[in-house]
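Worksheet: the structure to be examined is printed underneath.
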Amino acid sequence: MVFQDLLGTLFSKFQIEIGGPQIKNNAGVIEVRNAADSAYVALSALLHKTYGDDFELNSGATSSGSSWKFTVRRPSTGMTHDLTLVYPSGDPTPGQALTVATFAGNVITLQWTTIAAGTDKVVTDTTSLAFGTASPAAMFTLPANAAVEKVRVLIDTAFNGTPTASVGIAGTTSKYMASTQVDLTAAATTVFEVTPGLASVGTTEALIITYAAGGASAGAARVEIQGFAERRGCHGSGQRKRGDSDYRQRTLCVAANWWTAGRSQLSVALQRPAHVRLRWAAGDVQ
C-alpha cells in the first residue's frame, strides 16, 4: 500500500478502485458516477452541509410529463437565529396533518395531528347567482345548533335591470340578509357583507336565495355564508356568548355535520381550537 502526495489530476474524473465509482467534474459541478459513467451512484455521509439556500430533488428532471424538480428553500433574509426541524417518528394516518408539538431552543418538533371534522371550524359555503337563476335558489342545510356569522355577496359581473336578492329560509326569506342590503347592479368586485347577529336554533335550516330578476339579462355573483357550530349545554365550562371579546376562541361541544351533499362549494376558513403557524422567514413558530 502506497500513499501518494498528489495535488490533483489532469483528467476530469477520478475513479476509486477497479469497477468502482468515480468522482467527475461536469462544467464545474462535482458528480459521483458509476464506473461506466452512465448513472449516478449513492453518496453516504454522516452530515450533509449545504451552503446555499436550496435543496433540490430530481435535479435532472426534463420539466415535462411527470419529470419535475422539487426545491426546498430557506429564506435568504430575515432569520435571526438557527432553526432545527424534527419530524415525528411515527407513521401518519389518512386525514392527519403535521403540526407543531413543541418549540424550544430553536428546535421545532413536529407531530401528526388528526384534523377534526366540521364542528371545530369556521366554514364557508358558496352559491353562484346569475341573472337567469330560478327562485328560490337552494344553498345548503344549516345544521342544528349552528349559527350564520356573515353573509357576503361578491359581484363578479354587474347585473342590469332592477334585480333583487335576499338570503333566508322559507317563510322568512330575509332572515340573514335583506334585499335592501345588497345592490346587484354594483360594479364588478364590489362586496356586500352582512353580520346577522342571530343566535343558533336547535333545528336544521334549509337556506335559500330569494331572487327577482327585474328584467336582468346579464350579471353574475357569488353568495357566501360563513358560519360555525355553536355548542349547547356547555355553560360553566368557559362558553362565551356572541359579542364577547374572545367568543371565537371558545371550545365547541356539539358534533354536528357541516353542510349537506347539496352544497356548491366548501372551504375551510379557520381551524379551532389549535392554530399553529410555521414561519420560515423572520421569526419562530407560534
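If you go through the range 162-215 and keep only what is polar (S, T, N, Q) and part of a strand (DSSP E or B), you end up with Thr164, Ser166, Thr172, Thr173, Ser174, Thr210. Just checking, does the range 135-149 include any residue being under 21 Å from Gly214 (Cα atoms) and outside any strand (DSSP E or B)? Among the residues of the range 135-149, at least one is under 21 Å from Gly214 (Cα atoms) and outside any strand (DSSP E or B), which makes the answer yes. Look at Thr119 and say whether it is touching a strand residue (DSSP E or B) at 6+ places or on another chain (Cβ under 7 Å), outside any strand (DSSP E or B) and either modelled with pLDDT of 90 or more or under 30 Å from Glu193 (Cα atoms) (or both). Answer is yes for this residue. Being surrounded by 10 or more Cβ atoms within 10 Å (Cβ to Cβ) and either among the charged types (D, E, K, R) or on the phi > 0 side of the Ramachandran plot (or both) is the filter here, so list the residues in the range 21-56 that pass it. Across the range 21-56, the qualifying residues are Lys24, Glu31, Arg33, Asp37, Asp53, Asp54, Glu56. The residues in the range 74-91 that are touching a strand residue (DSSP E or B) at 6+ places or on another chain (Cβ under 8 Å) and either closer than 14 Å to Asn106 by Cα or open to solvent by less than 100 Å² (accessible area, probe 1.4 Å) (or both) can be counted, and the count is 6. Here Leu46 meets the list (1) in a loop (DSSP other than H, G, I, E, B); (2) of a type in the set (A, V, I, L, M, F, W, C); (3) under 30 Å from Thr114 (Cβ atoms) almost entirely, failing just condition (3). Among the residues of the range 32-43, the ones that are in contact (Cβ under 8 Å) with a residue 12 or more places away in the chain, in a loop (DSSP other than H, G, I, E, B) and under 18 Å from Gly60 (Cβ atoms) come to 3 in all.
Of all residues assigned to the range 21-31, at least one qualifies as being at pLDDT 90 or above, part of a strand (DSSP E or B) and under 30 Å from Thr77 (Cβ atoms). When restricted to residues that are over 28 Å from the mean Cα position of the chain (by Cα) and not aliphatic (A, V, I, L, M), the range 144-179 contains 14.
Yes or no, residue by residue, for (1) closer than 29 Å to Ala206 by Cα; (2) free of Cβ contacts under 8 Å to residues at least 12 places away in the same chain; (3) of a type in the set (Val, Ile, Thr); (4) in contact with a Lys or Arg (Cβ under 9 Å, 6 or more places away or on another chain):
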site: Gly78; (1), (2), (3), (4): no, no, no, no
site: Ser89; (1), (2), (3), (4): no, yes, no, no
site: Gln96; (1), (2), (3), (4): no, no, no, no
site: Thr99; (1), (2), (3), (4): no, no, yes, no
site: Thr114; (1), (2), (3), (4): no, no, yes, no
site: Leu142; (1), (2), (3), (4): yes, no, no, no
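Checking Thr62, Thr126, Thr102, Thr71 one by one, the residue that is among the β-branched types (Val, Ile, Thr), in a strand (DSSP E or B) and open to solvent by 70 Å² or more (accessible area, probe 1.4 Å) is Thr102 and no other.
For the range 1-20, the set of residues classified as assigned to a loop (DSSP other than H, G, I, E, B) and open to solvent by less than 100 Å² (accessible area, probe 1.4 Å) consists of Gly8, Thr9, Ser12, Ile16, Gly19, Gly20, listed by residue number.
The values are calculated or read from the model by the stated rules, or taken from the named source; none is laboratory data. These numbers were taken from a predicted model, which means no experiment stands behind them. Neighbour counts run over all protein chains shown; Cβ positions are idealised from the backbone, glycine included. All accessible areas refer to the heavy atoms of the entire protein, side chains included, with ligands and DNA or RNA removed. Shrake-Rupley method; radii C 1.70, N 1.55, O 1.52, S 1.80 Å.
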